[in-house]
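All remarks here apply to the structure that follows.
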Amino acid sequence: MSVAHDRRTAHDALALGLAGLALVLVAALLAHGGAVGTVRTVVACLAILVVPGWLVGRLVDEDGDAIARLAGGTVATLGVIALSGFLAVELGVRVATAAVAIPLLVLVAIAAVLGASGPSRSGSAPWRSSARGGRTSRCPRCRSSRPSPSRPPGRSSLPRVSR
Amino acid sequence: VTADAAHKDDGPSPGPSVRTWAALGACFLASSVLLALAEWMAARGDARWHYYVFWIGYALAVGPAAWHMLRRQTPGAVRGALVVALGIWSLAPLLLRTGNHPLLFDEFSHFRMLQDLVRTGHPVSRVGLLQIGANFPGVELVTSALYHLSGLTLWIAALVVAAAAHVALLTGIYVLVKDAASSSRAGALAALVYSLNPSWLIFDAQFSYETLAIPMLVWVLVFALRGARQRADATGARNRSVLIGVAAVLMAGLVVTHSVTSAVCALALTGIAIVATLQRRGILRSEVVTSTSIAWGVAAWAVVITILRFVNIGHPLVQYLGPTFHVSQQLRQLLSLFGIGKGLPLHAAFASSSAPGFEIVCAYAMLPVLGIAFIWASWGLLGARGRISPLVYVAFVLSLLFFVSVPLDSAATYSEAVHRSWAFSFIGFAVLLGVAGGLALDGHLAINVRRRVLWPPALRHRLPMRPAIVACAAVVAIGSASLGSSTAYRFGGKVAPQTDPLYVGTQTAMVASWFARHATPSDVVFANRFVIRPIAIASRGHIIQPGGTESHLILTISISYDELFAYRHDRVSYIVYDRRTGKVGNVRPWFWYVSNDSQLPRDARGQHAFTYRLGCLDWVHAVFATTDYQVLRVDQGALERDLDLGHTGLDKRCQAAVFHG
């Protein structure tokens, strides 16, 4: 494993650790009902905003960018909750704990199965092995860069994101 | 090569040291303290110093974060972390303003919808505040989910959802542009540009449709564009299926969350599909290959479900959006700027505003600054059009709409809708300036006129250019906050009638708590648009639309039986009136949706308010009063008797003073 990868993983872990710590602290401050209420709040926040988001994010992330993965997955989870809640309303089902928990569990199960059965996410980004380079030919004052090697077919000449 | 790639080639970056992280944390902390200080000073009635303290606090957080995000040697993961940090910090101004309860105008409507949803298990349409709300219950459904699972209070659950969505929006912009420009530096720049948006730092409401809908829109674009990216290997095909599935589900979630945002998303996806097709056919020169079949498939799904939802809702949606999207009136207003025809009644941006001079100057200076930035980015990207994503073309159109919307901002009818539309326009600016700025920062953007090179600038101009760009960003940040939201939304102050949201205070709290104790779910309350909101969330009763026929009883010179029938038909049980109506400010703004004279009876078009009339009617009697408000109980039996006898119920002693017929 490269030093850069280790360092990136450390950054991701640090950022996520801080975010998780902040979440727990905030939940502890906001919750009412003593220790049980705090635990319930933390578990619910994890169950809605973190865990499904992370699992879904793993499926749709191509960069291995932890923060983007979590944010994208969380928004997708919120979309699923909105949609399943709406469908429940349309079917005449009362929107309460069960109407939320069951779709969440289904989502987590699907995401976990897809994540487990699919190929490893790391290194799946197609540009990881692709050539980089390219500069605008009409830019006489551009900083010098190495010339663009051949690109894989169908890809932009712009280099892909690195971390 | 981009900075990221160049940097990677140079070896692994150490990233910021622990000391740098500590310094950044201290900056965010100090900034939050200054924002709190500004709010405290404003609430104490300090003249204008709170504006300066606020902007110093703003600069203290955004400045160092922006510098680190745009530095060449900052690793992508650190940029992402700083985008998240900026997103979390930017919650502070509104949270400090509102405190632990709904305060801003739309929050009351959405919070009442949320209360009804939790109470009944279904979205309730007949609240009377937000007629269309029950048709787009996405944000309320998500919040009720968190409420049910976590045991948090409703308002805190709403804030948690709003906070998660707020941070995810900025992160979404970062990822969208990072993908489009293949540079995390460009993504970070785009996130910074979006954070200058007036709807970002201080929106009309923390908890409303757009809270969740706009992050959904951005992430639908992220997933759809990733799914449509051309790939050949098996892993790519599998990833693509998942991405398209997530984009489709999220789009379906968006359609039940907000009308305008889902329409914008469907149009944006269609635009992307059109550009991808033009690129594929060689009409637009491009090396970027996007799968047209996937682009069209996702766009078709978005368009079909949006149309189906709109058709399913039907008339209420037309009624709700009709006044905002009155194209002929908008065209009339635009033509009037060129002296063709007569324009709409005007809205003065800073009339009687307490905003300081420098904010007003920035608000006007923001427009040419954005104009120059738009031209620079478009021109620069024209030279690189062979390598840009279809998204950039859509961003160009969205940015252009900002400039089209500015003249409409001067029309009283459209100013609010225009401000809200900037949440979309700034996605365009973020993408356009992010991609162009990313290229420029890496030295890959060129603007040439014949043989003259306009960009990159000559070396001797580069040094003074940096502070100029920072100054321009400051102008947009200050100007957009100033132009996009009223000072009362930004800072507290003394209770002021007819001022959103300064009407909420001890008096409204007294009235609301009286209703909480005395009103039953079957009660129906009529009041002006200001006091009705605290009442709506404190009690379970129904609410009569403040601008309905009931309001004519106070506004018309003569009492008509239609007004009385309205009270009987809607089974109004309480009337709340503000003694200051007609004495403070204009009359009509007290009542919502009565801005247009044509909606009123002919004898209600003056600036009269006959509130004393309410004390003369034999079918109402006072049950509660504060200094400013009076609560009257309607005796439906007495009203019915009067109507049967052909009486208005007006006391003889008052008849000499009041016309009636």
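Coordinate range of the alpha-carbon atoms in the stretch B:261-392 per principal axis, descending: 54, 44, 31 Å.
One decimal place: the segment A:Val43-A:Ala98 gains 18.2 nm when fully extended, by the rule 0.36 nm per residue minus the C-alpha distance. Length gained on full extension, B:Gln319 to B:Ile557, computed as 0.36 nm times the residue gap minus the Cα-Cα distance: 82.8 nm. Normalising the average separation of contacting C-alpha pairs (under 8 angstrom, six or more residues apart) by the number of residues puts the relative contact order of chain B at 13 percent. Between B:Arg48 and B:Val495, the distance separating the two model label sites (each 7 Å from Cα on the Cα→Cβ line) works out to 2.9 nm. The distance separating the Cα centre of the stretch B:384-460 from that of the stretch B:34-112 comes to 25 Å.
Other protein chain C-beta atoms within 10 Å of residue C-beta, averaged over B:213-221: 3. Estimated at 0.36 nm per residue, the fully extended path between B:Tyr364 and B:Lys583 surpasses their Cα-Cα distance by 75.5 nm. Extending 7 Å from Cα along the Cβ direction at B:Val404 and again at B:Leu463 yields two label points whose distance is 4.5 nm.
In a DSSP loop and with at most 14 other Cβ atoms within 10 Å, the trypsin sites (Lys or Arg not before Pro) in the stretch B:120-201 are B:Arg126.
Here the simple spin-label model places points 7 Å from the Cα toward Cβ, and for B:Val470 and B:Ile56 these points are separated by 1.7 nm. Protection proxy ranking of B:367-373, B:145-151, by the mean of other Cβ atoms within 10 Å over each peptide's residues and highest first, is B:145-151, B:367-373. Highest-first packing order for the peptide set B:574-582, B:107-115 is B:107-115, B:574-582, based on the mean count of other beta carbon atoms within 10 Å.
R0 = 35 Å: FRET efficiency of B:Ala30 with B:Thr153, Cβ-based, nearest 0.05? About 0.70, to the nearest 0.05.
A straight line joining the Cα centroids of the stretch B:303-335 and the stretch B:478-502 runs 29 Å. Beyond 20 Å, how much of the Cα-Cα pair distribution for the stretch B:232-289 remains, as a whole percent? When all Cα pairs of the stretch B:232-289 are counted, 46 percent exceed 20 Å.
Taking a ≥ b ≥ c as the square roots of the eigenvalues of the alpha-carbon gyration tensor, the stretch B:346-482 is classed oblate because a/c is 1.5 or more while a/b is no larger than b/c.
Computed from the coordinates by the stated procedures, all read-outs in this text should not be read as laboratory data. Keep in mind the model is a prediction, meaning the values are calculated, not measured. A quick note on method: Cβ atoms are made from the backbone with ideal geometry, for glycine too, and the neighbour counts reach across all protein chains shown.
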